[in-house]
Amino acid sequence: MKLVLDEEQRQLREAVRAFLRAASPLPKVRDGYDPQVYARLNGELGLSGLIVAEEYGGAGAGLAELAVALEETGAALLPGPFLATAFAAIALAATPDKELLGGIAEGRVTATLAFRAGASGGQGVLDLDGAAACGTLERVLSGMEADVLVAPARLPDGGTALVAVDLAGPGVARTPLESLDLTRGQARVALDGAPARVLGPAPEVGDRLCVALAAEQLGVMRAALEAIVAYAKIRVAFGRYIGSYQGVKHKLADMWCKLEQAESIVRYAAWAADESPDELPEAAALAQAYVGRACFEVARDHLLLHGGVGYTWEHDAHLYYKRAKADEVLLGPPRVHRTRLADLLEL
């Protein structure tokens, strides 16, 4: 089991962190998705191709490395389709498609994955008749920004395949939806005879998606805690820095403990995804059962400890809060993952 980053992973973390601080600081995040920043993210760092196999033009890295990158994009609240494209790349790694993976690795193609979240059935499944896909998918992550939709589709014989649909092609209607997370949009995607390319059997990648999302949530937690610690050192109330009050100290200590536990869980789950597949189902369920809720609680307390200023639109606290809440339910609420974990452990 590996719970600490090696030297190459630390270098990756520092490179992504430095890039995002310069290219996508929080004031710029409010402007939304910037295709130029996304292009540079891939041109200079090659992040979209991180887990794409070398034979398709990617780096051939594992989920542990992708988790490092997602932690940093989460901390920066990076707008746009990076997480959605990472989800699609995870699915495509199990059902390789040279054309699509090559485009993702080069940063020419952004993608999104329609997935079934938790016990609710999530976004649903398309119907495929020949080369035409029909159906409506709700709440597609980055559905307005992505170039390609990767989704499961029912075949006439009752089987299920993974298909790719050009979202700018005929038979596709996209409607932007209101989203709690102001930094990353969602869309309703309706397909009516849209041309679809069958990629292969639909893989089971839910566990790997859970790990990837938990890595982003870890980054949100870290950034929120760092921000409130910095604020507690400069904010004076009743003649004292608020960080000197015992009640504030206790709250900050609780937040730090949650962060430390979340980091251990994410590192373990990412290691299991790459090195010990038999342990992955329990590790992934644990990641979303714990990290999702802990991330929201840290973001909530980050907002509360800022006091009145934290509730203003101009302050960044609500951006962390909303990203944390949206992520908490993206792959199903924590109770779904707790139930699954209990079942896996036969409790």
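Over the chain, what is the percentage of antiparallel beta bridges among all DSSP beta bridges, to the nearest 5? All intermediate terms of the calculation are to be shown ahead of the outcome.
Working: 31 of 36 bridges.
The antiparallel fraction comes to roughly 85 percent.
Classify region 175-314: rounded, prolate or oblate, from the alpha-carbon gyration tensor (a ≥ b ≥ c, eigenvalue square roots; a/c under 1.5 rounded; otherwise prolate if a/b is larger than b/c)? Mind dumping the intermediate values first?
On the way: a/c = 4.26, a/b = 1.64, b/c = 2.60.
Note, shape of region 175-314 comes out oblate.
Sort the following peptides by mean Cβ neighbour count (other Cβ atoms within 10 Å, averaged over residues), highest first: 175-183, 138-146. Write out the running numbers ahead of the final one.
On the way: 175-183: 14.2, 138-146: 21.7.
Output ranking for 175-183, 138-146: 138-146, 175-183.
Once both labels are positioned 7 Å from their Cα atoms along Cα-to-Cβ, the gap between L347 and R108 label points is 4.9 nm.
Of interest is the spacing of the C-alpha centroids, which for region 158-221 and region 48-79 amounts to 18 Å.
In the chain, helical runs assigned H by DSSP with n ≥ 4 each contribute -39500 (n - 2.57); averaged across all residues and rounded to the nearest 500, the mean residue ellipticity at 222 nm is -16000 deg cm²/dmol.
With K and R counted +1 and D and E -1, the other residues having a Cβ less than 9 Å from that of G219 yield a net charge of -2.
Measuring nothing but protein heavy atoms, the accessible surface of region 4-163 at 1.4 Å probe radius is 49 percent carbon and sulfur. When each of the peptides 328-338, 6-16, 195-205, 230-240 is scored by how many other beta carbons lie within 10 Å of its residues on average, the order from highest to lowest is 328-338, 195-205, 6-16, 230-240. Coupling constants for region 73-78 follow from the phi torsions by the Karplus curve (6.51 cos²θ - 1.76 cosθ + 1.60, θ = phi - 60°), and in residue order they are 5, x, 4, 7, 6, 4 Hz; glycine and proline get x. For region 267-347, with all protein chains in place and a probe radius of 1.4 Å, 56% of the accessible heavy-atom surface sits on carbon or sulfur.
A 1.4 Å probe run over the chain, with the rest of the protein chains in place, finds 43 Å² accessible per residue. Computed from phi, the 3J(HN,Hα) profile of region 17-25 under the Karplus parametrisation 6.51, -1.76, 1.60 (θ = phi - 60°) reads 4, 5, 4, 5, 4, 7, 8, 9, x Hz, with x in place of Gly and Pro. FRET efficiency for the D127 to R30 pair, using the beta carbon distance and R₀ = 45 Å, is estimated at 0.70.
What does the extension gain come out to for D192 and R21, with contour length at 0.36 nm per residue minus their alpha carbon separation? Don't skip to the end; give the middle numbers.
On the way: separation 171, 0.36 × 171 = 61.56 nm, distance 4.20 nm.
Computed gain between D192 and R21 is 57.4 nm.
Extension gain, K249 to E99: 0.36 nm times the residue separation minus the Cα-Cα distance gives 48.7 nm. The computed semi-axes √(5λ) of the Cα gyration tensor in Å for the structure shown corresponds, within [x] 34, 21, 20; [y] 44, 30, 21; [z] 51, 22, 15, to [x].
The values are calculated or read from the model by the stated rules, or taken from the named source; none is laboratory data. It should be emphasised that the depicted structure is a prediction, and the values quoted were computed from it without experimental measurement. Heads up, the Cβs are rebuilt from the backbone with ideal geometry, glycines too, and the neighbour counts pull from every protein chain shown. Just so you know, the surface numbers come from the protein's heavy atoms only, side chains and all, with ligands and any DNA or RNA stripped out. Shrake-Rupley method; radii C 1.70, N 1.55, O 1.52, S 1.80 Å.
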